[in-house]
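Inspection log for the structure reproduced underneath, given as structure tokens.
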Amino acid sequence: MPADEEHSSRCLIRIRCRIRDFFVAIVSLLLEMANAGKGFFMSASDKNGMTRTQHLTVDAILAAMAVVLGFTSIRIGNIMKISFEDFPILIAALIYGPVDGMIVAGIGIFLYQLLSYGITATMALWILPFVIVGFIAGIYAKRSGFNNNRTQLIVIFLICEILICLLNTGAIYADSKIYGYYYPTIITGMIAIRMVTAVVKGIVLGMVSGPLLKALSRVTGNGR
């Protein structure tokens, strides 16, 4: 490896490590605030009796989980990724509503994209699908009183997974056109596999989310 290229690679690694350390520090600070139980965030509680600190801490943990799950994905070339970073986003939406779903999605996926690829022309296109499903799942949960049965959960997870698949396919198209790796079968050649994966993920995550949401309801006070 040429000296200049090696130096650039090391600098990039250092920058990403510093950004990751900064993120970890922010999450740690939120957790410390929750343990301290003092200050502004303790001055009010939400409708379920949780303090703002507790509520914020749960969101921070779920956003951190989205980042970690993004890094533990299974990649197939540059056009397909099997991952579960949407799971904590949908959990946030289903226990708190659309605003929290969008916030966890925005923060979690932004940090994952930043740490993985830096600032890119298509960053917003990769974040948007998760923000949209966070909103949709949150609206669905809110209108049903945060009390969804297994069938309803499977349906909402299926809808969200398929929507993410379709929107991410659009992002792949735009990204490939902008960065010059587009070829005719990049969409048509993988769409069937991507859709099948989305359906399987939706069913599995919908089934396992019920017990988790029930356990979390003891903390949040929401339904179930």
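The values are calculated or read from the model by the stated rules, or taken from the named source; none is laboratory data. All figures in this text were calculated on a predicted structure; none of them were measured in a lab. Cβ placement follows ideal geometry from the backbone for every residue including glycine, while neighbour counts extend to all protein chains displayed.
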Residue count, the range 180-215, condition farther than 16 Å from residue 82 by Cα, touching a residue at least 40 places away in the same chain (Cβ under 8 Å) and in a helix (DSSP H, G or I), comes to 7
Can you say whether residue 63 is in contact with a helix residue (DSSP H, G or I) (Cβ under 8 Å, 6 or more places away or on another chain), in a helix (DSSP H, G or I), under 16 Å from residue 116 (Cβ atoms) and of a type in the set (Gly, Ala, Ser), as far as the supplied structure shows? yes
Residue 109 fails exactly one of (1) within 25 Å of residue 197 (Cβ to Cβ); (2) over 14 Å from the mean Cα position of the chain (by Cα); (3) not hydroxyl-bearing (Ser, Thr, Tyr), namely (2)
Across the range 69-107, the tally of residues that are surrounded by 17 or more Cβ atoms within 10 Å (Cβ to Cβ) and of a type in the set (S, T, N, Q) stands at 0
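If you check residue 155 against the conditions, is it surrounded by fewer than 17 Cβ atoms within 10 Å (Cβ to Cβ), under 15 Å from residue 94 (Cα atoms) and at pLDDT 90 or above?
Values: surrounded by fewer than 17 Cβ atoms within 10 Å (Cβ to Cβ): yes; under 15 Å from residue 94 (Cα atoms): yes; at pLDDT 90 or above: yes.
When the stated conditions are applied, residue 155 passes them.
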From the option list 124, 171, single residue qualifying as in a helix (DSSP H, G or I), free of Cβ contacts under 8 Å to residues at least 12 places away in the same chain and either under 18 Å from the mean Cα position of the chain (by Cα) or over 21 Å from residue 71 (Cβ atoms) (or both) is 124
